[in-house]
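This report refers to the structure that appears directly beneath it.
Bear in mind that the values in this text are calculations on the coordinates, not laboratory data. All values derive from a computational prediction rather than experimental measurement. So basically every Cβ, Gly included, is an ideal-geometry build from the backbone, and we count neighbours across all protein chains shown.
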Amino acid sequence: MKSMFRPLIVLFVVFAVITGIAYPAVMTGFGQAVFNHKANGSLIEQNGKVAGSALIGQQFDAPKYFWGRLSATSPNPYNASGSSASNLGPLNSSLTDNVKARIQALKDAGTDMSQPVPVDLVTSSGSGLDPEITPAAAAYQVARVAKARNLPPADVQALVDRYTSGRQFGLFGEPRVNVLKLNVALDAMQHG
């Protein structure tokens, strides 16, 4: 009986070392060497301080900034530990109220409401943490941001175009604009 336990204990220790220490150490080293920026959270710095992660939406509600998608996380918006969708259907009055409130906030911020509002500016995503908006949603906000920053709209639109990413490998997904990267670039443009 004793002879059966020894191989089991040895195997347990060997596999614990391989899977619990060696493999994580190798993968961490590989990630740091090859994908350093991504392995460390894709952090974006502004004036020597971390402004946020390019992978998680941030709350912007001042007229001088581009706004991202609404966050469905609670109790705090853009809380990565509370990632979830609102699960509100199109006939749910809470969804209607949220959309109306966001449209009113866009109006109050000085957004030109003569065009239809892009849906990604008034609804949340499946995760509630989307860091990106469509180019149409960014273009919709150009006039407001340009006016609030006293910049020519063409300059702001050029910045939006520069921060617009195309489809993955030219095939997958849709073109998108990372809101945090765009807002950090806007601040740098005005202070640079």
Cα-Cα P(r), segment 42-191, percent of pairs per 5 Å interval: 2, 9, 18, 22, 21, 16, 8, 3, 0, 0
Aspartates and glutamates with Cα under 20 Å of LYS181, excluding same-chain neighbours fewer than 8 positions away: GLU45, ASP61, ASP120, ASP130, GLU132, ASP155, ASP161
Shape box of segment 143-192 [Cα atoms, principal axes, largest first, Å]: 37, 19, 13
Principal-axis tilt of helix 179-191 within the chain, Cα atoms, nearest 10 degrees: 60 degrees
Segment 1-40, Rg to Rh (Cα coordinates; Rh as Kirkwood inverse mean 1/r): 1.35
Whole-angstrom gap from segment 149-171 to segment 34-60, using each part's C-alpha centre: 19 Å
Positive dipole terminus of segment 1-133, leading residue within GLY89, GLY52, VAL119 (C-beta point charges): GLY52
Amide H contacts of GLN46 (H built 1.01 Å from N, under 5 Å, at least 5 apart or other chain): ALA51
Structure-based [θ]222 nm, the chain - -39500 (n - 2.57) summed over DSSP H runs of at least 4, per residue, nearest 500: -14000 deg cm²/dmol
Span per principal axis, largest first, for the Cα atoms of segment 18-64 (Å): 53, 19, 14
Filtered trypsin sites (Lys or Arg not before Pro), segment 142-180: DSSP coil and at most 14 other beta carbons within 10 Å: ARG167
Crossing angle, helix 153-162 versus the chain [Cα axis fit, 0-90 degrees, rounded to tens]: 20 degrees
